[in-house]
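Below is one structure; the comments refer to it alone.
The values are calculated or read from the model by the stated rules, or taken from the named source; none is laboratory data. On a predicted model such as this, the values are computed, not experimentally measured, just so you know. Reconstructed Cβ throughout: ideal geometry from the backbone, glycine too, with neighbour counts over all protein chains shown. We work out accessible area using only protein heavy atoms, side chains counted, and drop any ligands, DNA or RNA first. Shrake-Rupley method; radii C 1.70, N 1.55, O 1.52, S 1.80 Å.
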Amino acid sequence: QVQLVESGGGLVQAGGSLRLSCAASGRTFSIYSTAWFRQAPGKEREFVAAMRWNGNIYYVDSVKGRFTISRDDAKNTVYLQMNSLKPEDTAVYYCALTPGYPADYYYTGSYSYWGQGTQVTVSS
């Protein structure tokens, strides 16, 4: 099993920044993909960003140029740097991990392991 623990969420004013962290422990994989999703109240969980083992990175259009996904392999941690935050970014943010290279990296069903989520609230 893999355990994912997110941290770094909080309350920030519009235009501010936050950095989310996702620490992984337990079983390890030689090839894996990680991603961030978010879920706002009353809405479905949506894709935010993904990084494949080979370094390929993908973002949803609404966060391109503002969010950056990265990882520190030595710390088994994935990050999501969020800049120029907007009220519409308010949501619970979840990290996800799966072995291999899912073709549908934007699909929740492509990921086997999930964190518990961290709340991000952006005030106007």
Looking at the stretch 71-80 only, could you name the residues that are in contact (Cβ under 8 Å) with a residue 12 or more places away in the chain and either surrounded by fewer than 15 Cβ atoms within 10 Å (Cβ to Cβ) or in contact with a helix residue (DSSP H, G or I) (Cβ under 8 Å, 6 or more places away or on another chain) (or both)?
LYS75
Name the residue that is surrounded by the fewest Cβ atoms within 10 Å (Cβ to Cβ), counting only residues in the stretch 109-118 that are outside any loop (DSSP other than H, G, I, E, B) and over 12 Å from the mean Cα position of the chain (by Cα).
GLY109
Considering residues that are among the acidic types (Asp, Glu), farther than 24 Å from VAL12 by Cα and more than 15 Å from the chain's Cα centre (by Cα), the number found within the stretch 71-108 is 2
Right, VAL92: surrounded by 20 or more Cβ atoms within 10 Å (Cβ to Cβ) and among the aliphatic types (A, V, I, L, M) or not?
no
Just name the residue that is most open to solvent (accessible area, probe 1.4 Å) out of those in the stretch 1-23 that are of a type outside the set (A, V, I, L, M) and part of a loop (DSSP other than H, G, I, E, B).
GLN1
Can you name the condition, by its number, that SER84 falls short on among (1) open to solvent by 60 Å² or more (accessible area, probe 1.4 Å); (2) closer than 17 Å to VAL2 by Cα?
(2)
Any idea how many residues of the stretch 28-77 are of a type in the set (Asp, Glu) and under 15 Å from VAL120 (Cβ atoms)?
1
